[in-house]
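Notes to accompany the following structure.
The values are calculated or read from the model by the stated rules, or taken from the named source; none is laboratory data. Since the model is a prediction, treat every value here as computed from it, not as a measurement. We place every Cβ from the backbone using ideal geometry, glycine too, and count neighbours over all the protein chains shown. What goes into the accessible areas is simple: the full protein's heavy atoms, side chains included, and nothing from ligands, DNA or RNA. Shrake-Rupley method; radii C 1.70, N 1.55, O 1.52, S 1.80 Å.
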Amino acid sequence: MLILTPVIISHLGLTVYGIWLLLTAAVSFLNLLDGGITLSGTRFLAKSLGKKVPGSEPGTVIATLRWLYRWIGLICLVTTLGITGALPLFLKEAEWLETGRMVVLAMGVTTAFRFFLRIHTVVLKSHLRYDLIVVTSIAKVIVQTIILLVLLHLEQGLTALVTGQIVSDILDQLLLRRFSRRVNEHQGSGPGYSRELSREILRFSSHTLLNTAGQHLRSRVDPFLVNAFVGLASVSVYNMGLRLATLFADLVIAIMGGSLLAGFSYLEGRDGFESVRRKYFLSLRVSIPFALMGACGLAALGPPFLIRWLGPEFADSGRVLEFLILPYTLWLMQFPSGSLLLSLNQHHHLTKLTFAAGLVNVILSTILASIIGFFGVVLATLIEMSLFYGIAVPILVSKVLQISLRDYYLAMIRPILKIGWLVPILIYLGRRYSEPDYLSLFWIGTLMAATFAAASAYFLTSSSERNQLLSRIRTRFRK
């Protein structure tokens, strides 16, 4: 993405790139048709692989999921036709309608193709073969990058983007199919499709659907509102500011996501609820400084990086990013809360709240965009996410942990006070000495990260914890 985005924008221009972002946002809603079945299907298949239960043999689970995915794929094709027909409602540029329909149809058919073969992803995840999924992802990225660079050089425009995505998606799915058949070659037996099992899978996945729908309402509707009230060129500017914030969020999710869920679940099974509650507050001592360090980097280095990366016409992307730093920091400081609720089977409360928050975001964005334009959409996200992660999530987590809301806030504020004083200092120094130059940004970012890491290790850990950490590091180096 870091390599391709400037190349794509330079070849397409802000308006055409805005059209591409709008079309991909429309097609992305097709992913809601999954309805959480991939997550729940992975759970059911993994459980059947580990424990033989009559009526839930691996072959039965696979056959049932295949039946569900066939129907989802067919519904996806029909929905694609609906989106294609509705294209004039949000793409006002008549000269781009024919191309837009081609893009939506091509990507919609590819999405349906992925649904028809989604069972292979579930098989690999259930067998914990994430290594094979990574291989397919790397192959997809390499092929897509090569195709895009070649076709953009030949001035193919949107055709290059569509071709790169379709070919790499097909390669990805065929590789997943091959790997899953190799992994699952001995698990084909079973009585076949089970209606009872399909209902159970759908019940379990319904909460995930609400959560995903809420997240789509929060982030995927905004490009349409920006286009409606401001124009296509502003869609690109908005998206780039948002993308830099989501990049850091993706990093935190990759580092802390699965391990926290597994850890909390293990602790509950071994030591009970009290151990989970104690370790949750311990995990905040990791997520809070991580989030604050990200806030420092985004606030100090984000705007000049965007100008160096994409050009001075993206100065407003830096302002979008500045609006999003507070809500994203509140979210990432409490990132362990999602894993906590999942491990305690209390996530249904969070999914309902997320869906409601997504609706509020859309309504507020529409109202503010109609009054103050472009930044009304960004301000709505700031208000909604700040209320959601500043008030709603703390109330929910404090109830689940069976503590007072005051105690929960105190548990968050203590590490913030111990390390938060460093935030304005680093932001001030970073902004003062940074330039829109990659080398300058790299060295300043490295120094900021090292300073924050050292201060966090000193102020947020006890002497025994520091000694234990140093001992483990020495052991690793000896090995």
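Determine if segment 285-303 includes at least one residue that is open to solvent by 50 Å² or more (accessible area, probe 1.4 Å) and at pLDDT below 90.
yes
Restricting attention to segment 218-226, does a residue exist that is of a type in the set (S, T, N, Q) and in contact with a Lys or Arg (Cβ under 6 Å, 6 or more places away or on another chain)? The answer is no; no qualifying residue exists. Can you pull out the residues in segment 102-129 that are surrounded by fewer than 19 Cβ atoms within 10 Å (Cβ to Cβ) and among the basic types (K, R)? Result: R129, single match. For residues in segment 238-257 being modelled with pLDDT of 85 or more and not aliphatic (A, V, I, L, M), which is farthest from E322 (Cα to Cα)? Result: D250.
Could you tell me whether any residue of segment 355-374 is open to solvent by 20 Å² or more (accessible area, probe 1.4 Å), over 25 Å from V237 (Cβ atoms) and among the aliphatic types (A, V, I, L, M)? Lay out the reasoning, then the answer.
Step one: of segment 355-374, the residues open to solvent by 20 Å² or more (accessible area, probe 1.4 Å) are 355-356, 359-360, 362-364, 366-368, 370-372, 374.
Restricting the remaining residues to those that are over 25 Å from V237 (Cβ atoms) gives 355-356, 359.
If we keep only those that are among the aliphatic types (A, V, I, L, M) too, we end up with 356, 359.
Yes: segment 355-374 contains one or more residues that are open to solvent by 20 Å² or more (accessible area, probe 1.4 Å), over 25 Å from V237 (Cβ atoms) and among the aliphatic types (A, V, I, L, M).
Scanning segment 183-202 turns up one or more residues that are surrounded by 20 or more Cβ atoms within 10 Å (Cβ to Cβ) and modelled with pLDDT under 80. In the set (1) more than 19 Å from R431 (Cβ to Cβ); (2) within 21 Å of the chain's Cα centre (by Cα), A233 fails one condition alone, (2). If the condition is being of a type in the set (A, V, I, L, M, F, W, C) and touching a Cys at 6+ places or on another chain (Cβ under 9 Å), then segment 426-477 contributes L426, I427, M448, A449, F452.
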